[in-house]
Amino acid sequence: MATVYCSRCGAPNAEGAAFCDQCGSRLVTADDGARRSRQDYQQDYQQEAAKQGGGKKWIIPLVIILALALGGGAFALTHFGKKAEPVEIDLVQNFDDRVLDLSGQDGEGAITGIDFDKIRENLAYNDQTDEARDFIDSVTYTTDKDDATNLVNGDKVKIICEYSESKAEEKGLKVKNGRNGTVETTITIERLEAKAVTIEQSAVSDLNNNYDNASGLDTASDDSIRYSVSSVYLTEADIADLNYDATQRMINYIYANNGYEFQTAEAKAYFESFNWYNQVPNKTTDQDVARSRFSDIEKANEKLLIKRRDALK
């Protein structure tokens, strides 16, 4: 039986077959012309396939171009279509009492205003963008002690900054810790001028004398000593007229202010003659506990007074 080869794919087929068993193409019969070899048919098929494939070469570049275009559009939509995140700004950055205008002495201090130049310095105003500088210029600052006239060093003051939320949004800014157009911070007053030491001469005289039946000073002198040892930094000139016993009593005042219960009958009776001492809370018989309560001023004054006392031995 003769074999008929497909003119399209070159596959062998049984004589008399009308269509190729391999690719389904119509077979060339004896009536269609002379027989050709299998290799001839395969070459014809490969040439035809090459022609058809060549006509589709433009498809791959087109697909690549479309993919790039779609990818680029998605990137632009994600990164440029999305609203930019606001820039955070801290309107109470690095605040301490230098942003306040203060007047008066320690114990009689008052806030007379806000030092906006210092605030600008803290906020690095000159390094900000035009939008941020314009926004900073629009905020206001006040304190919760604007009306106080008896401020002392160590007092806590709350600073309130008020701003426009809509203006912040317009400038692309977000206020750190801001809420409802307000942000606050608390600072400690430390720059009030020290009140002049006014140890009454009568108090100095009494301190230099022995305890009179363990009685205390009069109220004015007692107040003067208490204030001096605990509220102002003493100098050597301030205590130059005190003798050994008086110097020790000044030290005792520091401990008494911090609730120390004296163990000697004389010192115990002396301080118990004052109402203020009897009302001091958290009394202790441990000197170290009492000393742990000392303020920085009291620590410095104790050191100075001990130096004076030891020199007088």
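Since every read-out is calculated from the coordinates, none of them should be taken as a lab result. As the structure is a computational prediction, the values presented were derived from the model and not from experiment. We place every Cβ from the backbone using ideal geometry, glycine too, and count neighbours over all the protein chains shown.
Treating each Cα of the range 87-188 as an identical point scatterer and ignoring solvent, apply the Debye formula and state log10 I(q)/I(0) at q = 0.16, 0.24 Å⁻¹. After summing over all Cα pairs, the log10 values are -0.68, -1.27.
How much length would be gained if the chain were fully extended between Lys299 and Asn126, taking 0.36 nm per residue of separation minus their Cα-Cα distance, in nm to one decimal? Additional length available on full extension: 58.1 nm. The convex hull drawn around the Cα atoms of the range 201-311, when projected onto a plane and averaged over every direction, covers 6.3 nm².
Shown in residue order for the range 175-181 are the 3J(HN,Hα) couplings computed by the Karplus curve 6.51 cos²θ - 1.76 cosθ + 1.60 at θ = phi - 60°: 7, 5, 6, x, 8, 6, x Hz (x for Gly and Pro). The slack in the chain from Lys158 to Thr140, taken as 0.36 nm per residue of separation less the alpha-carbon distance, amounts to 5.1 nm. Applying D = kT/(6 pi eta Rh) to the range 246-286, where Rh is the Kirkwood radius over alpha-carbon pairs, T corresponds to 10 °C and eta to 1.306 mPa s, the Stokes-Einstein value obtained is 156 µm²/s. Projected label points at Gln263 and Asp115, each 7 Å from Cα along the beta carbon direction, are separated by 4.8 nanometres.
Annotation: Cα Rg of the range 118-173 relative to the compact-globule expectation 2.2 N^0.38 Å equals 1.43.
Computed from phi, the 3J(HN,Hα) profile of the range 301-313 under the Karplus parametrisation 6.51, -1.76, 1.60 (θ = phi - 60°) reads 5, 4, 4, 5, 5, 4, 4, 5, 4, 5, 5, 8, 4 Hz, with x in place of Gly and Pro. Rounded to whole Å, the principal axis extents of the Cα atoms in the range 262-313 read 31, 24, 18, largest first.
Close amide H contacts of Asp106 (hydrogens built in the peptide plane, cut-off under 5 Å, sequence separation of 5 or more or a different chain): Glu193, Ala194, Lys195.
Couplings 3J(HN,Hα) of the range 12-17, computed from phi: x, 9, 5, 4, x, 5 Hz, in residue order, whole Hz [Karplus 6.51 cos²θ - 1.76 cosθ + 1.60, θ = phi - 60°; x for Gly and Pro]. Taking a ≥ b ≥ c as the square roots of the eigenvalues of the Cα gyration tensor, the range 218-259 is rounded, since a/c falls below 1.5. Extension gain for Ala14-Glu190 works out to 52.2 nm (0.36 nm per residue, less the C-alpha to C-alpha distance).
Close amide H contacts of Tyr5 (hydrogens built in the peptide plane, cut-off under 5 Å, sequence separation of 5 or more or a different chain): Asn13.
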